[in-house]
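Structure first, then comments.
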């Protein structure tokens, strides 16, 4: 008889790492074609002129703090607060313009293989 699998529990907002020097990335779960990350930011932004251009689709939600996301081709920065999320298809160029410097910004990011037709 197979052993009963053990669940894994956690708290995304507890024991936050110090992100004052650099963003902190924790991989929570990884499977083929899927990666779930907790990202903690503290005033960081994408370097000037640099854009994310990822091979994977990404769904991201802000759990705490605030952040400004700029999509290539748009003129306005989208301000995200807790509970707000975005789906960024593969190769949707984007950048983080700012994150809250008064408190940690906690993101949950889900990277997945894009759907191919």
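We did not get these values from a lab; they are worked out from the coordinates using the rules stated. Because the structure is predicted, anything quoted here is derived from the model rather than measured. A quick note on method: Cβ atoms are made from the backbone with ideal geometry, for glycine too, and the neighbour counts reach across all protein chains shown.
Remarks
- Cα Rg, Dmax, the chain, angstrom units: 15.6, 60
- Using C-alpha pairs below 8 Å separated by at least 6 residues, the relative contact order for the chain is 32 percent.
- Stretchable slack from residue 30 to residue 9, in nm (0.36 nm times residue separation minus alpha-carbon distance): 6.0 nm
- Residues 66, 78, 31, sorted so that the one with the fewest Cβ neighbours within 10 Å comes first: 31, 78, 66
- Largest GNM mean-square fluctuation across 50, 32, 97, computed for the chain with C-alpha springs under 10 Å, falls on 32.
- Gain in span if fully extended, residue 22 to residue 84, counting 0.36 nm per residue against the direct Cα distance: 20.0 nm
- This ranking places 115, 96 by how few other beta-carbon atoms lie within 10 Å of each, fewest first, which gives 115, 96.
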